[in-house]
Amino acid sequence: MSEKVSALAAYGALGMPLAMAALPVYVQVPIYYTTHLGLALSLTGTVLFAARLVDTVQDPWLGQWIDRLARRGRLTPMLVVAALLLAMTFAGLWLPPLSGNALAAWLALALIAVYTAHSLLNITYLAWGARLAPSTTGLTNAAGWREGAGLLGVMLASALPTWLMNSHTWSAERGMAAYSALFAVLLFIGLLALLRYAPRWRDPVVAVAPNWTSTLANARFRQLLVPYFLNAISVSVPATLALFFIADRLQAPRWSGLFLAVYFAAGAAGLPGWTRLAARIGPARAWRLGMALAVAAFIWATLLGPGDAPAYLAVCVMAGLALGADLILPPVLLACLIPPNEQPAGYYGVWSLLGKLALALSGLTLPLLAAFGYQPGAAASGGAALALAYGGLPCLFKLAAWGTLRTAEFSTSEEPST
């Protein structure tokens, strides 16, 4: 029997606050600490790098620990503690009680606490989504609700912090305190919905204790990691370069907000379509179609230049629609490959590590562009290199992911065993 829509919506609700926390930590924290709090740029960068390194490497271990807690029936206390820690440390990021050199130590500790609490919640949340339905259709519907709520959270996080920090009515500290309070309320509403109203974590008798051997011995899992990682890089590169491309290639910086809004709105609008398509042809084939759509969009983007802002809006629609496939289909494929006698969080811990590693590697495009003569703010410098990096590189990685995602290899495993 399919899960009720209300139960799937209850599962999806936590996606919004988790997204609301992630984006400001990555985007607004650097400028907030340097511009508003006066921390030296080099010191801020060093702290951010160290904290993000911890965030990346800890996820597989957190996944294994979550699996052990699930096996003992102790997930709920951990989730409540993690939510409390995230709410408090997220607020603490914007309202530090220290100044001067001690501010760097506060930033480091607060970031590691935020990253750890967020990872505990997010990995558990993804693993829950792999165990709440007996069919691929149910898993895909749940992923659609989760990622739809997440995209709404991303849109809120894209607009609210910037507006609150730059208001002439209140200080940046007061603005982010209000955002932190809103986030905390939505976080606990989402957690309550998950624990009380979402479909239960379908936990059969587990014969295999959580361990690295069983996780990494899964050949289909290792095979899926290759296209997932390549595809994650293809998504991370344009995300890193989008604002540079808009400002210096299209010469339309005033349109940035509209472009991003259209991109995320298209992603959300496309989720029901990808859900239905996956139900008809399977998530692997549907994902390959999404990759093909993204390649078409970014080939078009490489051909654009000054004055092509209207055409770029169409690119944003196409790329946003493809984003929907990237968000909901890979986690469903993974869920279908996890044996019924193993807990899922260890798998999603490795999954999360690769996603964060892809984001980190995408940052290397900036020194690469500099080597080819591109300078931010100088529209005449390195424009062709910027277009090729923004549009061409994602196409190469998408095509590599498309080729390694061999549909036949997953077609026999697209129904989860329970």
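The values are calculated or read from the model by the stated rules, or taken from the named source; none is laboratory data. All values derive from a computational prediction rather than experimental measurement. FYI the Cβ positions are ideal-geometry reconstructions off the backbone, even for glycines, and counts take in every protein chain you see.
Overview of results
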item	result
Filter pass, Glu409 being closer than 22 Å to Gly273 by Cα and either modelled with pLDDT under 85 or crowded, with 16+ Cβ neighbours inside 10 Å (or both)	no
Counted residues, the range 208-255 - those being within 19 Å of Val332 (Cα to Cα), β-branched (Val, Ile, Thr) and either modelled with pLDDT under 90 or surrounded by fewer than 19 Cβ atoms within 10 Å (Cβ to Cβ) (or both)	2
Selected residue (criterion: modelled with the lowest pLDDT) from residues of the range 1-25 that are farther than 16 Å from Asn122 by Cα and of a type in the set (Ser, Thr, Tyr)	Ser2
The range 318-337 residues that are modelled with pLDDT under 95, paired with ones that are of a type in the set (Asp, Glu) and assigned to a helix (DSSP H, G or I) (beta carbon under 7 Å, 6 or more apart)	Leu327/Glu147; Ile328/Glu147
For Gln251: the one exception among (1) within 25 Å of Asn141 (Cα to Cα); (2) not in a helix (DSSP H, G or I)	(1)
Extreme residue, modelled with the lowest pLDDT, among residues of the range 338-378 that are touching a Gly at 6+ places or on another chain (Cβ under 8 Å) and among the polar types (S, T, N, Q)	Gln375
Condition check for Leu14: touching a residue at least 60 places away in the same chain (Cβ under 8 Å) and under 14 Å from Leu187 (Cβ atoms)	yes
Odd one out for Leu85, checked against (1) touching a helix residue (DSSP H, G or I) at 6+ places or on another chain (Cβ under 8 Å); (2) modelled with pLDDT under 95	(2)
Any hit, the range 86-95, residues being among the aliphatic types (A, V, I, L, M), in the same structural domain as Thr162 (by TED's automatic domain parsing) and part of a loop (DSSP other than H, G, I, E, B)	yes
Which listed residue is touching a residue at least 12 places away in the same chain (Cβ under 8 Å), of a type in the set (A, V, I, L, M) and assigned by TED's automatic domain parsing to the domain that holds Phe244, from Ala286, Ala311	Ala286
One residue from Ala108, Ala127, Ala117, Ala133 being in a helix (DSSP H, G or I) and farther than 19 Å from Gln28 by Cβ	Ala127
Among the residues listed as Tyr347, Tyr263, the single one being among the aromatic types (Phe, Trp, Tyr) and within 20 Å of Leu405 (Cα to Cα)	Tyr347
Yes/no for Ala266 being under 30 Å from Ala133 (Cα atoms), free of Cβ contacts under 8 Å to residues at least 60 places away in the same chain and not assigned by TED's automatic domain parsing to the domain that holds Ala13	yes
Residue check for Thr302: surrounded by 15 or more Cβ atoms within 10 Å (Cβ to Cβ), of a type in the set (S, T, N, Q), over 21 Å from Ile233 (Cα atoms) and not assigned by TED's automatic domain parsing to the domain that holds Val154	no
Pick from the range 43-99, criterion among the aliphatic types (A, V, I, L, M) and free of Cβ contacts under 8 Å to residues at least 12 places away in the same chain, ranking: nearest to Tyr179 (Cα to Cα)	Met88
All positions within the range 157-205 that are over 21 Å from the mean Cα position of the chain (by Cα) and among the polar types (S, T, N, Q)	Asn166, Ser167, Thr169, Ser171
